[in-house]
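For reference, the structure discussed in these notes is given below.
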Amino acid sequence: QVQLVESGGGLVQAGASLRLSCAASGHTFSNYVMGWFRQAPGKEREFVAGISQTGGSTSYADSVKGRFTISRDNAENTLDLQMNVLKADDTAVYYCAARFIRISTEPQLYDYWGQGTLVTVSS
């Protein structure tokens with residue numbers, strides 16, 4: 001198993017930047033595909049970004065493409081999400097998640113989840 005703990009959320013104004021981090025412990029971090037998901041109040045959990053085991057492949061939701069960047073450091077067992085030009089619509093609880101094999105946009109295919117970190121963007 002792998003344990004995941006997110007950090008870095010907060011309250012920012014529209015147009016600002018924020019960097020989320022996810023610290024992993026337990027099983028070998030580099031074995032896992034990692035993803036960032038988010039869930040706004042009253043909405044379903046949605047895919048934000050994903051990254052392959054080596055970091056060589058990434059995927060983004062259309063809504064964040066060009067504004068968000070996912071990265072990982074397998075030596076430090078960390079996953080990051082750099083979020084720029086934040087919008088009010090980005091307000092949500094952000095979760096990191098892990099699975100084997102390949103990047104998926106489907107949250108039900110991820111095996112391990114963090115507890116989430118809240119991002120609030122004021123307009």
- Along region 38-54, what does the Karplus equation 6.51 cos²θ - 1.76 cosθ + 1.60 (θ = phi - 60°) give for ³J(HN,Hα), rounded to whole Hz, x for Gly and Pro? 9, 9, 8, x, x, 10, 6, 5, 10, 5, 10, 7, x, 9, 6, 4, 8
- Item | Solvent-accessible area per residue, Å², over the chain with all protein chains present [probe radius 1.4 Å] | 50 Å²
- Item | Protein accessible area in the chain, 1.4 Å probe - carbon and sulfur % | 47 percent
- Hey, can you rank 105-118, 74-87 by average C-beta count inside 10 Å, highest first? 74-87, 105-118
- In region 1-55, which GluC sites (Glu not before Pro) are in a loop and have at most 12 other Cβ atoms within 10 Å, using DSSP for the loop call? E44
- Cα pairs beyond 16 Å in region 31-94, in percent, come to 45 percent
- Note on the structure: Any trypsin sites (Lys or Arg not before Pro) in region 12-59 that lie in a DSSP loop and have at most 12 other Cβ atoms within 10 Å would be K43
- Note on the structure: By accessible area (1.4 Å), largest first, S104, S63 order as S63, S104
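The values are calculated or read from the model by the stated rules, or taken from the named source; none is laboratory data. Note that the structure is predicted; figures quoted are calculated from it, not measured. We place every Cβ from the backbone using ideal geometry, glycine too, and count neighbours over all the protein chains shown. For accessibility, only protein heavy atoms count, side chains too; no ligands or nucleic acids. Shrake-Rupley method; radii C 1.70, N 1.55, O 1.52, S 1.80 Å.
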